[in-house]
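Structure first, then comments.
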Amino acid sequence: MSKDVAPLIRSLEENIAKVLLGKDEVIRLSIVALLADGHLLIEDAPGVGKTSLAKAIAQSLSCTFSRLQCTPDMLPSDILGSSIFLPNKGEFEFRKGPIFTNVLLADEINRTTPRTQSALLEAMMEHQVSVDGQTYLLDKPFLVIATQNPFEFEGTYPLPENQLDRFMICTSIGYPERSAERLVFASHRAGEPVDALTAVLSAEQISELQQSVRGVTVEESIAEYILDLVHATRSNKELSLGVSTRGALTMYRAVQSFALVDGRNYAIPDDVKQLAGPVLAHRVVCGGVIREGQRTRARQIIQQIVDTTPVPH
C-alpha cells in the first residue's frame, strides 16, 4: 500500500467526525462504501444525524453534489431529467437531472414510490442513464447516499429487494452517548458544523483510492470464507431469499476496501466478520417475519451464521 494513502483516508475520517460525534464505526463504514465504488443506505429514526452524515461526506470531497428530498409525488424525470421541446429550434433538448453529479443524496428515499425509486437502478449499477433511447454516462466517482425512515413510519414505501441489493452497505447511526450529545450542543453554537466543512479530497484522489482498493490482496482462504457465509444464507431454513452472486462480489470488494481503510494491503478474517451484518443483512429475506422486524431478525441470523461458520487460519 502506498504511504500516501493512509493520510488521505485519515483526513477524510477526521473531517467527517467534526460533524458526527462519537460515531467512528459508522464513519468508517461510509468511507468503505465510498472507496469500494459502492453506495450507502442509512436507516434510522429522524433526527439522529443521517442527513448530516451524508452532507459531511459530500462536503469533504471536492466533487459536485446534488440533494433530492424524496416525496410521494416525485417522478423519475425529477431524478433523471427530461427532454424539452425548443420551439425556436424545432427539436427536443435533454435537460439533465440531479443524478448527473458525483455525490447524490436521496433523503428519505422510502417516501417516494417504487416507480421513482427504480429510476436509480441503472445509474447505481452501471454508472449510466438511459432516457428516450439515449444513454448518458455519469461522471466518476459516483456515490449515492440514501437515507430512509423505519418502515413503521407513516408515508413510507419499502424499498424492493433489487433496489436494496444496489447498496453496498446498510447501516444505522443510533442515539449518541450522553457525553457526545453534550458536545453536540457546543458544536452547534455558531451554526451547523457541516456548513463549515472544507473539502479534503479531490475527485482525482478518490478515483486513485478506489484503484488502490482493487489492489488489496484477498487470499484464497478468505475468498472461500466469504463464499461459506454466502452459501449458508441460501440454505438457512429461516431465510426465503439468500445472498446473490452480486452480493457475494460486493462483499469481496467491501472487504478489500475495509482492509485499506484499516491501513493494510491484505484482508483478514476479521474484516469479513465486521462487514457481514452491514453488507449481507439487507440482501436476505426472512420467511414468516413481518416487514417491521425483517432487518433486526436478518442481522441476528447473519450473526448466527458468522458465529457457526469455521474461520480460516
Sorted by chain and number, the residues with a modelled amide H under 5 Å from that of residue 239, at a separation of 5 or more or across chains, are 287
Across 234, 299, 115, the residue with the highest GNM fluctuation in the chain (Cα network, 10 Å cutoff) is 115
Residues 130, 30, 257 in order from fewest to most other beta-carbon atoms within 10 Å are 130, 30, 257
Relative contact order in percent for segment 219-313 (Cα pairs under 8 Å, 6+ apart) equals 34 percent
As a percent rounded to 5, the proportion of antiparallel DSSP bridges among beta bridges in the chain is 40 percent
Ranked from fewest to most other Cβ atoms within 10 Å of their own Cβ, 145, 173 fall in the order 173, 145
Distance in nm between residue 172 and residue 300 label points, each 7 Å along Cα→Cβ, equals 1.3 nm
If one builds a Gaussian network model of the chain from Cα atoms under 10 Å apart, the most fluctuating residue listed among 39, 282, 188 is 188
Placing +1 on each Lys and Arg Cβ and -1 on each Asp and Glu Cβ in the chain, then taking the dipole about the Cα centre, the residue among 282, 308, 46 whose Cα reaches farthest towards the positive end is 46
For segment 1-209, the dipole about the Cα centre with charges only on Cβ (Lys and Arg +1, Asp and Glu -1), to the nearest 20 debye, works out at 460 debye
Per the helix-only model, the chain has a calculated mean residue ellipticity at 222 nm (DSSP H runs of ≥4, -39500 (n - 2.57) each, divided over all residues, rounded to the nearest 500) of -13000 deg cm²/dmol
For segment 1-209, the charge dipole (Cβ of Lys, Arg +1; Cβ of Asp, Glu -1; about the Cα centre) points to a positive end, and the Cα of 102, 83, 150 closest to that extreme belongs to 102
Taking 230, 272 and counting other beta carbon atoms within 10 angstrom, the fewest-first order is 230, 272
The ³J(HN,Hα) series, computed from each phi in segment 231-244 with the Karplus coefficients 6.51, -1.76 and 1.60 at θ = phi - 60°, rounded to the nearest Hz and given as x for glycine or proline, is 5, 5, 5, 7, 9, 6, 5, 7, 9, 8, 9, x, 6, 7
Listed by chain and number, the lysines with an alpha carbon less than 30 angstrom from that of residue 55, same-chain partners under 8 positions apart left out, are 3, 18, 23, 96, 140, 273
GNM of the chain, Cα pairs under 10 angstrom: of 109, 169, 79, the biggest fluctuation goes to 79
With +1 on the Cβ of every Lys and Arg and -1 on the Cβ of every Asp and Glu, the dipole magnitude of segment 215-313 about its Cα centre, in debye rounded to the nearest 20, is 500 debye
Here the relative contact order (percent) of segment 45-134, from C-alpha pairs under 8 Å and at least 6 apart, is 32 percent
Taking r as the C-beta separation of residue 64 and residue 126 and R0 as 22 Å, the FRET efficiency to the nearest 0.05 is 0.70
For residue 89, the lysines lying under 21 Å Cα to Cα, once residues fewer than eight places off in the same chain are dropped, come out as none
Quick note, segment 156-207: a/c under 1.5 would make it rounded; otherwise a/b > b/c is prolate and the rest oblate (a ≥ b ≥ c, C-alpha gyration tensor); here it is oblate
In segment 173-228, taking the dipole from +1 charges on Lys and Arg beta carbons and -1 charges on Asp and Glu beta carbons about the Cα centre, the listed residue (185, 205, 216) farthest towards the positive end is 185
Scoring segment 1-209 by relative contact order with C-alpha pairs under 8 Å, at least six apart, yields a percentage of 32 percent
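The numbers here are math on the coordinates, done by the rules we state, and not lab data. In this text the structure is predicted, and so the values were computed from the model without any measurement. Ideal geometry is used to build each Cβ from the backbone, glycine not excepted, and the neighbour counts take in all protein chains shown.
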